[in-house]
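This report concerns only the one structure given below.
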Amino acid sequence: MDTKELIAVLVLAVLVGAVVVLRPFSFPVTASAERPRLSSPRRGNPPQPGRDSGNAHAAVPLWPRLGDAVLPRDPAARRLFDAAETLYAEGLLDPAVAAYTHFNMRCPDEPAAELALLRLGQCHTLLRRHKEAADSYERFLAKHPESDLRPMALLWSADSLVHLRKPEPARQRLNEILTRHAKSPFAEGAKALLDTLDAPKPAPPKTKTP
């Protein structure tokens, strides 16, 4: 580990230590020599944009949980990823952005980088940085076209595009969920957002003539 990486790990360790003092948090840990795909949890509701982004600094549900991901086997990379997950779960989103960004720069080929890239977009969404969020989801969708997390990324991407007033690309994302991932837990959110896009716009109020 070089000096910069050591400093980054130490800074993240201090931030995580502060979080742990305020609110104990533990991670489910899995050890696997294989490289399975990310799997969705069987219980619990996944976070949905809009419904879960009202308070940018509230605790964020970890979905999928850390135990479902393929964890980095390198100890330094594992510490970076664990730190990023803790910061994200505790709603410390700006530090989480820095942690996920550093992890993806240092470990772009780690299987966990797939989840880290999606989390990066979600952090930006929760911080209402919709342009940065849309860019992160675009990178995720381009880099991981067969990901199990694609329906989730499509919905959060569509939400960002709606905020950026780009309804047609958003509609394409939502239609992909409904046609290719109809049984996904994100299909209901996609249909609701699509209904909002397709709803007739209210007529402008009539001005009264003097």
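Descriptive notes on the structure:
- Flag if Asn175 is surrounded by fewer than 24 Cβ atoms within 10 Å (Cβ to Cβ) and outside the structural domain of Ala83 (by TED's automatic domain parsing): yes
- Meets criteria (buried (at least 16 other Cβ atoms within 10 Å of the Cβ), without any contact (Cβ under 8 Å) to a residue 24 or more places away in the chain and not acidic (Asp, Glu)) for Leu161: no
- Selection count where residues are touching a residue at least 60 places away in the same chain (Cβ under 8 Å) and either of a type in the set (S, T, N, Q) or outside any helix (DSSP H, G or I) (or both), scope region 84-135: 8
The values are calculated or read from the model by the stated rules, or taken from the named source; none is laboratory data. A quick note: this is a predicted structure, and the numbers were derived from the prediction, not measured. Here the Cβ is made from the backbone with ideal geometry for all residues, glycine too, and neighbour counts use every protein chain on show.
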